[in-house]
Amino acid sequence: MTAGAAVHAPSMAELAEQIAQKMREYNENPNHGDLIGRPDGNPVQIRPAFPDAATFTKRLVEGVQGAGQRYAEGVRAPRANFLERAKASNAAWKNGVQAAVAGDRFAAGLNKVNADEAIETAATLGAQSYAAGVPGRQAKIQRIMTEVAPMMAAAVSAARALPADNDAQREARAIAMIRGARAVGISRRGGK
């Protein structure tokens with residue numbers, strides 16, 4: 001490439017077309033070089049463009065199993081202040097959310113969920129994480145509840161102060177409790 005030559009990054013639409021074309025090729029030829037590499041490479045074997053599902057999963061699991069200590073060290077010595085980075089990314093987050101809404105990505109993602117897998121993961125790993133995670137966050141929970149508990153007490157007190165002589169009044173109290181809890185959450189997060 002010559003100095004100053006324009007560089008073109010393909011658009012998502014262009015990439016989608018290229019990916020669709022490759023997928024057609026792969027369907028026609030399950031032994032496509034992108035999928036299996038070149039075992040007979042000259043002079044060396046060439047790996048596939050991306051590992052197959054079994055290889056990828058095996059490598060991920062092996063890597064994670066031995067990396068717990070490195071993970072903890074990395075968390076304790078971050079490359080940047082995560083709060084400042086998160087605050088600086090606010091506009092990018094908003095743009096991403098708007099793009100996700102425009103593309104209806106939430107529903108599209110849900111359509112890919114395997115409910116049986118999700119339930120099994122939650123029942124096994126989720127239970128282990130939950131049982132260890134809550135006691136591990138005891139100080140954080142207590143710190144947050146120091147702010148939340150008085151606000152919730154005020155919300156409950158306000159709802160209980162409403163009359164409850166008939167069904168309509170009791171329903172109004174229930175709605176007031178829901179709205180009070182919502183107001184506490186918004187106030188706690190600092191949103192609008």
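Key figures
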item: Option label - volume of the Cα convex hull per residue in Å³ computed here, alternatives (i) 301; (ii) 147; (iii) 206; result: (i)
item: Rg over Rh, two decimals, region 88-146 (C-alpha only, Kirkwood Rh); result: 1.16
item: Residue-averaged [θ]222 nm for the chain, counting only DSSP H segments that reach four residues, each worth -39500 (n - 2.57); result: -21500 deg cm²/dmol
item: Dimensionless Rg over Rh [region 20-77; C-alpha; Kirkwood]; result: 1.21
item: Simple spin-label estimate for Asn166 and Asp104 in nanometres, 7 Å along Cα-Cβ; result: 4.4 nm
item: Rough spin-label spacing in nm, given labels placed 7 Å along Cα→Cβ, for Asn27 and Thr124; result: 3.3 nm
item: Helical segments meeting 15 Å axial Cα length and Kyte-Doolittle 0.0 threshold in the chain (DSSP H); result: 53-65, 90-102, 138-160
item: Ellipsoid equivalent to region 108-172 - semi-axes via the Cα gyration tensor, in Å; result: 36, 23, 10
item: Residues with amide H under 5 Å from that of Arg47, placed H, sequence gap 5 or more; result: Arg38
item: Ala92-Ala67 pseudo-label distance in nm [points 7 Å out on the Cα-to-Cβ vector]; result: 2.0 nm
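A short reminder: the numbers here are calculations on the coordinates, not readings from a lab. A quick note: this is a predicted structure, and the numbers were derived from the prediction, not measured. Cβ atoms come from the backbone with ideal geometry, glycine included; neighbour counts cover every protein chain shown.
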